[in-house]
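A.B. asks: The following block contains the structure, expressed as structure tokens.
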Amino acid sequence: TGLEKGRKQMIKVSVLYPQTEGMRFDMAYYVEKHMGMVRRVLGDALDHFEIDEGLSGGMPGSQPTYRAAVHMYFASTAAFYAAFGPHAKDIMNDVPNYTDARPITQISTVHGST
């Protein structure tokens, strides 16, 4: 697979929140409450996660493409679906508490993960 010996292959579930004019996004709520709940309900299936807060686009003074993003790492797609499925409704019902944006989800293979 081209992975270095001793490195594990993982999948990454990214949830991206596109920056739009006038959008509402409560980063404090997202970090402290929403992702705290997500971490709790996904349990050990969730290896780790990273939250990005968009600062700008590629040009000075430009808006970021995404206001926020979270990248969650799992051993496999099956592990993600097994952990997320029973809690999907609760997780999705919490979205209006921090944003009016329509999130975009992408699942990717991570090559060379440590």
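A.B. asks: How about segment 5-34: which of its residues are under 16 Å from R102 (Cα atoms), open to solvent by 50 Å² or more (accessible area, probe 1.4 Å) and of a type in the set (G, A, S)?
C.D. replies: G22 - this is the single residue of segment 5-34 that is under 16 Å from R102 (Cα atoms), open to solvent by 50 Å² or more (accessible area, probe 1.4 Å) and of a type in the set (G, A, S).
A.B. asks: Next question. Among the listed residues Y73, Y66, identify the single one that is open to solvent by 70 Å² or more (accessible area, probe 1.4 Å), aromatic (F, W, Y) and within 15 Å of V15 (Cβ to Cβ).
C.D. replies: Residue meeting the stated conditions: Y66.
A.B. asks: Which number in (1) surrounded by 12 or more Cβ atoms within 10 Å (Cβ to Cβ); (2) at pLDDT 95 or above; (3) aliphatic (A, V, I, L, M) marks the one condition that V110 misses?
C.D. replies: The number of the failed condition is (2).
A.B. asks: Quick check on my filter: what residues within segment 35-63 are surrounded by 15 or more Cβ atoms within 10 Å (Cβ to Cβ), touching a residue at least 24 places away in the same chain (Cβ under 8 Å) and either more than 21 Å from R102 (Cα to Cα) or under 11 Å from the mean Cα position of the chain (by Cα) (or both)?
C.D. replies: Listed by number, the residues that qualify are M35, V38, V41, L42, A45, L46, D47, F49.
A.B. asks: Another question, if that's okay. Scanning segment 76-106 for residues that are hydroxyl-bearing (S, T, Y), within 15 Å of the chain's Cα centre (by Cα) and closer than 21 Å to G43 by Cβ, which turns out surrounded by the most Cβ atoms within 10 Å (Cβ to Cβ)?
C.D. replies: Here the answer is Y81.
The values are calculated or read from the model by the stated rules, or taken from the named source; none is laboratory data. All values reported here derive from a predicted model rather than from experimental measurement. Cβ coordinates were reconstructed from backbone atoms using ideal geometry, including for glycine residues, and neighbour counts include every protein chain displayed. Heavy atoms of the whole protein, side chains included, go into the accessibility calculation; ligands, DNA and RNA do not. Shrake-Rupley method; radii C 1.70, N 1.55, O 1.52, S 1.80 Å.
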